[in-house]
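Enquirer: Have a look at this one.
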4 protein chains.
Amino acid sequence: MKITPQDIVGLVGILPTPATPDAGHWSSQNTVDLDESARMTEIVVSAGTDIIMTTGTFGECASLTANEVRDFVGCVVDTVAKRRLVFAGITTLNTRDTISRGAELIDAGADGLFVGRPMWLALDDKLLVRFYKDVAQALPGIPLVVYDNPVAFKGKISEGAYRELAALPEVIAAKHIGGAALDNDARTVGENCRLLPLGGDWLRAAQVNPENIKAGWSGAVACAPAPLNALSRAIKAQNWTEAAKISEQCQWAESAMFAGGDLTAFMDYSIPIAHLRFEAAGLIKPGPCRPPYLDLPENYRAGALECGARWAKLQKEYQNV
Amino acid sequence: MKITPQDIVGLVGILPTPATPDAGHWSSQNTVDLDESARMTEIVVSAGTDIIMTTGTFGECASLTANEVRDFVGCVVDTVAKRRLVFAGITTLNTRDTISRGAELIDAGADGLFVGRPMWLALDDKLLVRFYKDVAQALPGIPLVVYDNPVAFKGKISEGAYRELAALPEVIAAKHIGGAALDNDARTVGENCRLLPLGGDWLRAAQVNPENIKAGWSGAVACAPAPLNALSRAIKAQNWTEAAKISEQCQWAESAMFAGGDLTAFMDYSIPIAHLRFEAAGLIKPGPCRPPYLDLPENYRAGALECGARWAKLQKEYQNV
Amino acid sequence: MKITPQDIVGLVGILPTPATPDAGHWSSQNTVDLDESARMTEIVVSAGTDIIMTTGTFGECASLTANEVRDFVGCVVDTVAKRRLVFAGITTLNTRDTISRGAELIDAGADGLFVGRPMWLALDDKLLVRFYKDVAQALPGIPLVVYDNPVAFKGKISEGAYRELAALPEVIAAKHIGGAALDNDARTVGENCRLLPLGGDWLRAAQVNPENIKAGWSGAVACAPAPLNALSRAIKAQNWTEAAKISEQCQWAESAMFAGGDLTAFMDYSIPIAHLRFEAAGLIKPGPCRPPYLDLPENYRAGALECGARWAKLQKEYQNV
Amino acid sequence: MKITPQDIVGLVGILPTPATPDAGHWSSQNTVDLDESARMTEIVVSAGTDIIMTTGTFGECASLTANEVRDFVGCVVDTVAKRRLVFAGITTLNTRDTISRGAELIDAGADGLFVGRPMWLALDDKLLVRFYKDVAQALPGIPLVVYDNPVAFKGKISEGAYRELAALPEVIAAKHIGGAALDNDARTVGENCRLLPLGGDWLRAAQVNPENIKAGWSGAVACAPAPLNALSRAIKAQNWTEAAKISEQCQWAESAMFAGGDLTAFMDYSIPIAHLRFEAAGLIKPGPCRPPYLDLPENYRAGALECGARWAKLQKEYQNV
């Protein structure tokens, strides 16, 4: 059964990759805590999360070995057990490694792939589109979610490039950075590609562009799947009052992270911030960060912990709803 | 009486510059709504705001004419009537224009100056320090607040440059961008220069570095001076429980702006976002934006309005406290 | 007589602003060396330079006072005495100041204006186009040369924005940054707007796009007008062999500046580099830099001096041709 | 025999990785042209190049598979046959993969490693130093050349970080970006770490800082090893007149690449530019680029070809010297 943009509806939950206690040291191998990974996946799926994605930025795609990505995605796929679509992150430093990894993870049972572009040098529009075309040609029929992260991949995907990417049948969605470009990009891609806004902007974006925006992503499903899925249900039911209330609560939780200012430097620490957030939320055990993204300045620590604590409150409020 | 870093205590409120109805058109002159400016200043001062600053980024230092800056600062100074210290923003494209403007505004009654550096070309550490030395030498004894805004001025002030700036007697404080560098920069400058964190991070920063962090800045005093001054009183009284509660509320208000993601592009729209925020908060009439910073993408509009609405709620909650 | 894009043909020479001996100090006023300015202008015009532009980046538009810009442009206009078109640079921090300055310099005899956009905050496409529309509406019929400098003005002018700018009758040309975008931008604007490549790329660009590229700019006419005008004549005469030879010589002269690497930081020092280059070339006396752009790291000094020395050699070779 | 900073003297030649005719397609594997790789290495070594480095940016470290890196470095090591030191590039997306690759290539016979840092997220000073400490601890006694490329790795290595890196016995040198920071960084690291300037700046830097600057790097040894080694010999012999002459010729060759302007975008195309340069120089057969770095805008093509042609002229001039 072919997966299309119309299948991307609801909450897209992005998972962290739980780590063994020794994961912070360069000498460690097999640092995926597979028991915790299975437990986490079950929690997220049971809570109703519609679609699962793995190994993006805070899921440590960069700092996992190829073996660890395979083990983790295998574990997630087995735990999900076809109850949901699973998109596995396969960003590497080049086209061929990304294709190899993609083929391997599809063999391991992933339904589709979550694909950032190589980042040693910035790719211009032409090379960026060519990269996704190559991946699509190498893995025909495999659904791809484009990863649009200007900080990681050295540039925003332009409107022109989105137009060309949306024309590829394999490209069914894109994790979008949000901000000024979202509404325009959503109009550009139309029905050929689902753009995924950040959870906190999902409601607003869906109201502006109800044809395209039918799903939103969150990196906090392993903190608090209950409120996020409640938001998803409210948006699907077009219960705008309820959605607005939960949306505001989710923003309140996330906002703790930004209290310290300097938004431009914030994303450099997204991996250690995520670990602290999961730790403080208490639902799963993230374990230590993997090298080299081991630490963060004091200034961001308090906000990350407070963010986790707020998600924990919301989880408590919504878990029995 | 000489003003020293020890005089910079409490809430530093940064004012917008209320605009006449025709201010959005290139042909308009004298676009400062002076009646509203006086009314706003009185509101902010009466609410207890400890120190007043003008004409930073959202105060439209860039897009006011020299005459308008003079008229506005004159109006603020007259309204404050020596009840508070007033620091007037004098950032221009070069050292000499900044010095001339500074001399003029000191003559008009400002107590000190709020100084960003020229930004056509980025200044390296040596030239940056030289710029502030030149201003200090030209205006001896006039207290200066350094404006550290990496996006506007093309680079963060480094730890080494802070060390040299703090050694200038005229430099008594710096409006800091926050983030990773704050705690370290605060240790570096020690008692010679007050670093001003963003309101939302003030409490945390003050607990980490109680010797240096005794004041915080906010651009929302013209939205809601009551909760911000309540926060200031709580921090001064070391009433941490109360401060934490209000701090969280302020973060909740501010957070509405960030819901849409793409934090890196956010600051490009800080002027129109501020106008919407003040409009929605309803306490003052900001009037239209001045050219060229006239508009913002849809995506940021909703968040700005929501932010203003939240400040209005907090103002209502705290105004009679 | 209306000036159109078709009038922009040949070498566009951009002038520095010669400084009095005390120009480096913040206390100096009237720092334009008017005698040297007149002498320089006469040299550049006599050498055949087709079009004159003033007060761009290295012409210290940022660090001249409004009075000094007026005095300098007046001097250039008087010296040129209608033998050539003169475009005066009017970049400021906002739309209204740019318009006022433009009106003043047109009154002083400039034929057109050289216009960069306000740079405190980056302008998106919509606001950027609106800025130029406002200037064109305020100064109807006055020919404008757009200044496209991504480092100074925080972003490249996009293809879409060029399309809209070219549709404004007042916008007759743009000083282009060159690089990857030039050929494409030139196709986009077609005959409605002349794109001006850097001298060293003029020959190549003219061969790729002979319809649009009929003029090139150089900031070295005050170093060595003779070889640059010889290049201009060769390109106009379609004497490609001769043009290739001179083009290579000009590149050789310029290349001395880039020997030290770190191209990304290079432009931060373009003002002091230019002063050293003119000094070493020996044709004019640039005088000291104006604050704050007073100095450069050692590493760039040698290259700047060598660059000037090479231009001096070429001037000697071509001055009697 | 332990390799120390004092062993890094003369010309450090960085090699491209010759590609098989099908290397541009995503489906190709084993794309290293090993015969040509051996032939190229022999040419470079026979010409006198003092030290060999592989798999940096234009050597396509990013777009080679792990197998291909191993095959290529093995081939280089075998061809060099202990006549020179060989440093193999091992930059990956994380600490552990870099360590594994380093261990493998040392086993294959490399004398040392050329190490850029992970780049998905920017590393601050603390994490950057920790990364190199981890690599040094994992590969004790193995000499490391730090790769300081601000565009690729999202930030310049600061003076403070250089100080700490130089204190690691394994860190014996750093490929430096040049520019403003070089002289200062060289003073900072002193005798503990050799900083390698770009060939065109080597002479100047060596005269400013003769204690530290005893070697320079070039990516053009596979275009024209003869003039570069002649430069190296002249500098070693302190024959400054001869060195200045050759240095200028080398700058003349390189300068063709910069003619088109827009220096800030230039580096995004360094891989395809290098392929064209080698092709035009004619000494080796570089073969096609590997995905995704497959192509470049027209504007850079002419300059790259001209650059290669100039190197070919210089090679002819110096090959029998």
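The values are calculated or read from the model by the stated rules, or taken from the named source; none is laboratory data. Fair warning: this is a prediction, and the values are worked out from it, not measured in the lab. Methodologically, a virtual Cβ is constructed for each residue, glycine included, from the backbone with ideal geometry; neighbour enumeration extends over all protein chains shown. All accessible areas refer to the heavy atoms of the entire protein, side chains included, with ligands and DNA or RNA removed. Shrake-Rupley method; radii C 1.70, N 1.55, O 1.52, S 1.80 Å.
Enquirer: For the residue pair residue C:46 and residue B:83, what label-to-label distance in nm results when each label sits 7 Å from Cα along the Cα-to-beta-carbon direction?
Expert: Each label point is offset 7 Å from its Cα along the Cβ direction, giving 6.8 nm.
Enquirer: Provide a whole-number value for the mean count of partner chain Cβ atoms within 10 Å of the Cβ atoms in peptide C:179-187.
Expert: The shielding value for this peptide is 5.
Enquirer: Sticking with this one: Normalised radius of gyration for region A:281-321, please: alpha carbon Rg relative to 2.2 N^0.38 Å, two decimal places.
Expert: Normalised Rg, Cα atoms only: 1.44.
Enquirer: For chain A, what does -39500 (n - 2.57) per DSSP helix run (n ≥ 4), summed and divided by total residues, give at 222 nm, in deg cm²/dmol to the nearest 500?
Expert: Values: 12 runs with 146 residues, N = 321.
Rounded to the nearest 500, it is -14000 deg cm²/dmol.
Enquirer: Name the residues whose placed amide hydrogens come within less than 5 Å of the amide hydrogen of residue A:174, ignoring near sequence neighbours (fewer than 5 apart) on the same chain.
Expert: Those lying under 5 Å, H to H, from residue A:174 are A:146, A:194, A:195, A:196.
Enquirer: What are the radius of gyration and Dmax of region C:1-134, computed over its Cα atoms and given in Å?
Expert: Values for region C:1-134 (Cα only, Rg and Dmax): 15.1, 44 Å.
Enquirer: Considering every residue in D:90-99, what mean count of other chain Cβ atoms within 10 Å of its Cβ is obtained?
Expert: 6
Enquirer: Does chain C come out rounded, prolate or oblate by the C-alpha gyration tensor, with a ≥ b ≥ c the root eigenvalues, rounded set by a/c under 1.5 and, if not, prolate when a/b is larger than b/c and oblate if not? Please list the in-between numbers first.
Expert: Details: a/c = 1.33, a/b = 1.08, b/c = 1.24.
Here chain C falls in the rounded category.
Enquirer: In percent, what relative contact order does chain A have, based on Cα pairs under 8 Å that are 6 or more apart in sequence?
Expert: 20 percent
Enquirer: Same structure again: Can you tell me the length gained on complete extension of the stretch residue B:211 to residue B:39, counting 0.36 nm per residue apart and subtracting the Cα distance?
Expert: Taking 0.36 nm per residue and subtracting the Cα distance, the gain is 58.4 nm.
Enquirer: What percentage of all Cα-Cα pairs in region D:233-321 are separated by more than 22 Å?
Expert: Values: 1365 of 3916 pairs.
For region D:233-321, the share of Cα pairs beyond 22 Å comes to 35 percent.
Enquirer: Could you give log10 I(q)/I(0) at q = 0.18, 0.24 Å⁻¹ for region A:106-183, computed by the Debye formula over C-alpha point scatterers of equal weight, without solvent?
Expert: Evaluating at q = 0.18, 0.24 Å⁻¹ gives log10 I(q)/I(0) of -0.71, -1.21.
Enquirer: Separate question: Name the chain D residue with the Cβ nearest the axis that maps D onto C: which is it, and what is the distance in angstrom?
Expert: Whole-Å result, nearest residue of chain D to the axis: D:255, 1.
Enquirer: Also, I was wondering about something else. Counting only C-alpha contacts under 8 Å and six or more residues apart, can you give the relative contact order of region D:33-181 as a whole percent? Please report the intermediate quantities before stating the final value.
Expert: Working: 217 pairs, mean separation 28.7, N = 149.
Result for region D:33-181 is 19 percent.
Enquirer: Further, regarding this structure: Restricting everything to alpha-carbon atoms, can you work out Rg to Rh for region B:1-68 with a Kirkwood hydrodynamic radius?
Expert: 1.05
Enquirer: While we're on this one: So who's got an amide H within less than 5 Å of the one on residue B:32, skipping anything under 5 residues away but keeping other chains? H placed 1.01 Å off N, in plane.
Expert: B:20
Enquirer: Also, quick follow-up: Counting other Cβ atoms within 10 Å, keep those with at most 13, restrict to DSSP loop, and tell me which trypsin sites (Lys or Arg not before Pro) in region B:217-306 are left.
Expert: Of the trypsin sites (Lys or Arg not before Pro), not one in the loops of region B:217-306 has a Cβ with at most 13 other Cβ atoms within 10 Å.
Enquirer: Hey, another quick one. For region D:213-263, I need the span (max minus min coordinate) of the C-alpha atoms along each principal axis, in Å, sorted largest to smallest.
Expert: Sorted largest first, the three principal extents are 37, 22, 20 Å.
Enquirer: While we're looking at this one, here's another question. So, with +1 on the Cβ of K and R and -1 on the Cβ of D and E, and no other charges, what is the size of the charge dipole of region B:58-142 about its Cα centre, to the nearest 20 debye?
Expert: 260 debye
Enquirer: Treat every Asp and Glu Cβ in region A:1-107 as -1 and every Lys and Arg Cβ as +1, leave all other atoms uncharged, and give the resulting dipole magnitude about the Cα centre to the nearest 20 debye.
Expert: Here the size comes out at about 400 debye.
Enquirer: Kindly state, to the nearest 0.05, the FRET efficiency for residue C:244 paired with residue B:298, given R0 = 56 Å and r defined as their beta-carbon distance.
Expert: Values: r = 51 Å, r/R0 = 0.91.
So, using R0 = 56 Å, E works out to roughly 0.65.
Enquirer: Something else now. Measure up D:245/D:285; A:156/D:156; C:82/C:175; A:313/B:156; B:2/B:175; B:285/B:313 against 26 Å on the Cα-Cα distance and list the ones that go over.
Expert: Violating the 26 Å limit, Cα to Cα: D:245/D:285; A:313/B:156.
Enquirer: What percent antiparallel are the DSSP beta bridges of chain C, to the nearest 5?
Expert: Percentage antiparallel, nearest 5: 5.
Enquirer: Could you look at the protein assembly as shown and say what percent of its accessible area is carbon and sulfur, using a 1.4 Å probe and all protein chains?
Expert: Ligands and nucleic acids excluded, carbon and sulfur give 53 percent.
Enquirer: Using 0.36 nm per residue of separation minus the Cα-Cα distance, give me the extension gain between residue B:4 and residue B:67 in nm, one decimal. List each step's numbers first, then the result.
Expert: Details: separation 63, 0.36 × 63 = 22.68 nm, distance 2.95 nm.
Difference between extended and current length: 19.7 nm.
Enquirer: Provide the percentage of antiparallel DSSP beta bridges, counting only those with both residues in the protein assembly as shown; round to the nearest 5.
Expert: Bridges in the protein assembly as shown are about 10 percent antiparallel.
Enquirer: Once the Cβ-Cβ distance between residue C:187 and residue A:163 is put in as r, and R0 is 30 Å, what FRET efficiency do you end up with, to the nearest 0.05?
Expert: FRET efficiency, residue C:187 to residue A:163: 0.95.
Enquirer: Next question, about the same structure. Where only protein heavy atoms count, and the probe is 1.4 Å, what is the accessible area per residue for region C:262-321 in Å²?
Expert: With the other protein chains kept in place, region C:262-321 gives 36 Å² per residue.
Enquirer: Let me ask something additional. How big is Rg to Rh over the protein assembly as shown, alpha-carbon atoms, Rh as the Kirkwood inverse-mean-distance radius?
Expert: 0.95
Enquirer: Give the accessible area for residue C:242 in Å² (nearest 10); use a 1.4 Å probe, count only protein heavy atoms, and leave out ligands, DNA and RNA.
Expert: The value for residue C:242 is about 60 Å².
Enquirer: Something else now. Tell me: how much accessible area in total is hidden between C and B, 1.4 Å probe, Å², nearest 100?
Expert: Working: alone 13620 and 13640 Å², together 22820 Å².
Counting protein atoms only, the buried area is about 4400 Å².
Enquirer: Provide an ascending nm list, one decimal, of label-point separations from residue D:313 to the equivalent residue in each further copy; define each label point as 7 Å from Cα along Cα→Cβ.
Expert: Residue D:313 label point versus its equivalents elsewhere: 1.3, 7.2, 7.3 nm.
Enquirer: 7 Å along Cα→Cβ for the label point: how many nanometres lie between residue B:4 and each equivalent label in the other copies, listed shortest first?
Expert: Going from nearest to farthest copy, the values are 5.3, 7.2, 7.5 nm.
Enquirer: Could you tell me the relative contact order of region B:194-283? Use alpha-carbon pairs under 8 Å, at least six residues apart, and round to a whole percent. Please list the in-between numbers first.
Expert: Working: 68 pairs, mean separation 25.2, N = 90.
Relative contact order of region B:194-283: 28 percent.
Enquirer: Modelling each spin label as a point 7 Å along the Cα-to-Cβ direction, I'd like the residue C:125/residue A:137 distance in nm, to one decimal.
Expert: So the label points at residue C:125 and residue A:137 sit 2.8 nm apart.
Enquirer: To continue, here is another question. Output ³J(HN,Hα) for region D:66-83: one whole-Hz value per residue in order, computed from phi by the Karplus curve 6.51 cos²θ - 1.76 cosθ + 1.60 with θ = phi - 60°, and x for Gly and Pro.
Expert: For region D:66-83, the Karplus-derived couplings read 4, 4, 5, 4, 4, 4, 5, 4, x, 5, 5, 4, 5, 6, 5, 6, 6, 6 Hz, x marking Gly and Pro.
Enquirer: For region C:171-228, just the Cα atoms, rotate onto the principal axes and tell me the three extents in Å, largest first.
Expert: 33, 23, 18
Enquirer: Once you put a point 7 Å from the Cα of residue D:313 and another 7 Å from the Cα of residue B:317, both along the Cβ direction, what distance in nm separates them?
Expert: That separation, rounded to one decimal, is 7.4 nm.
Enquirer: Could you work out the mean count of beta carbons from other protein chains within 10 Å of each residue's beta carbon in D:17-28?
Expert: Averaged over the peptide's residues, the number is 2.
Enquirer: Dipole size in debye (nearest 20) for chain A around its Cα centre, Lys and Arg Cβ +1, Asp and Glu Cβ -1?
Expert: 520 debye
Enquirer: If you don't mind, there's one more thing I want to ask. What nm distances, shortest first, do you get from the label point of residue B:207 to those in the other copies when the point sits 7 angstrom along Cα to Cβ?
Expert: Its label point is 3.5, 5.9, 6.8 nm from the equivalent points in the other copies.
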